[in-house]
Amino acid sequence: MNQMKHIHFTLLLMLGISIINACDSSTTDMVLIPGGYFTMGSTSGPKDEQPAHRVYVDSFYIEITEVTIWEYLQCVQSGDCRMPYFWNKRFFAGKVDDLEGKEWLSLPVTGVSWEDAQSYCKWKGEGYRLPTEAEWEYAARGGTGTDFFWGDKKEGASQYAVIKKQLSPVKSLSPNQFGLYDILGNAWEWCLDRYDPHYYKKSQTDNPVGPDDPKKYPYRVARGGSWNEYIWNLRCANRHYGESSRRYDEVGFRICRSVKSK
Ligand SMILES: [Ca+2]
């Protein structure tokens, strides 16, 4: 059984790499998010979203899509990233059967841990990193203060957020006001910060980065909800978390970089 899985795994990798080799080298499509103040958190959500508080973030660049399988496979090919988990599971294998190779490679990579995301950023080059939780929420809100960047009503999701279907190629739906695709829905997205449910009560105003005590705060933040969530969990303020070394089948990431590091 394990050997079969290995063979299947290898075939998937070969499929990906053969298409990578047929393409030009990857460029990461990023957009500049102009710095500014915004209200982070919510007044009516779970306790870890409260209190809503004023935060300032510097300008930064962020990838307009989640990191795709195609992008991630190049890091795997280089030897700097390990293969994602779950690729040999029924869910993912089904996707391979259903999708053309190009579509499959356009799925957000999932089954990657927070630590895997660090490896990817390091491979990508100097300055690349995960967004902080504040940067992520600022980018996701697109200048709005509503539950979702399209307003407060869940009905808007059909135009903007992959939900209750299945993991879908990035850019399948419309972007938010900053031009970011799938910032809500499709794959959860790892953020840089350690998760502290009480952090908003003590957060600094300028460019907060979360707590730094690894023993007290072992989990890392994930944001945005996934294809497999209730719409409530896709709210811009919603906070989720996971173990930094664990690979979850609904969690991926997108990368960013500071303006001054460019
Ligand atoms: Ca997402």
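Numbers for the structure displayed
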item	result
Over 23 Å between alpha carbons, listed pairs K124/K164; K216/K260; K47/K154	K124/K164; K216/K260
Likely footprinting exposure, D80, D213, D196, fewest C-beta neighbours within 10 Å first	D213, D80, D196
Ranked E250, E155, criterion: other C-beta atoms within 10 Å, fewest first	E155, E250
Order of R254, R129 under a 10 Å beta carbon neighbour criterion, fewest first	R129, R254
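Throughout, read-outs are computed from the coordinates displayed, never taken from laboratory work. Just so it is clear, the model here is predicted, and its values are computed rather than measured. Neighbour counts are summed over all protein chains in view; Cβ atoms, including those assigned to glycine, are modelled from backbone coordinates with ideal geometry.
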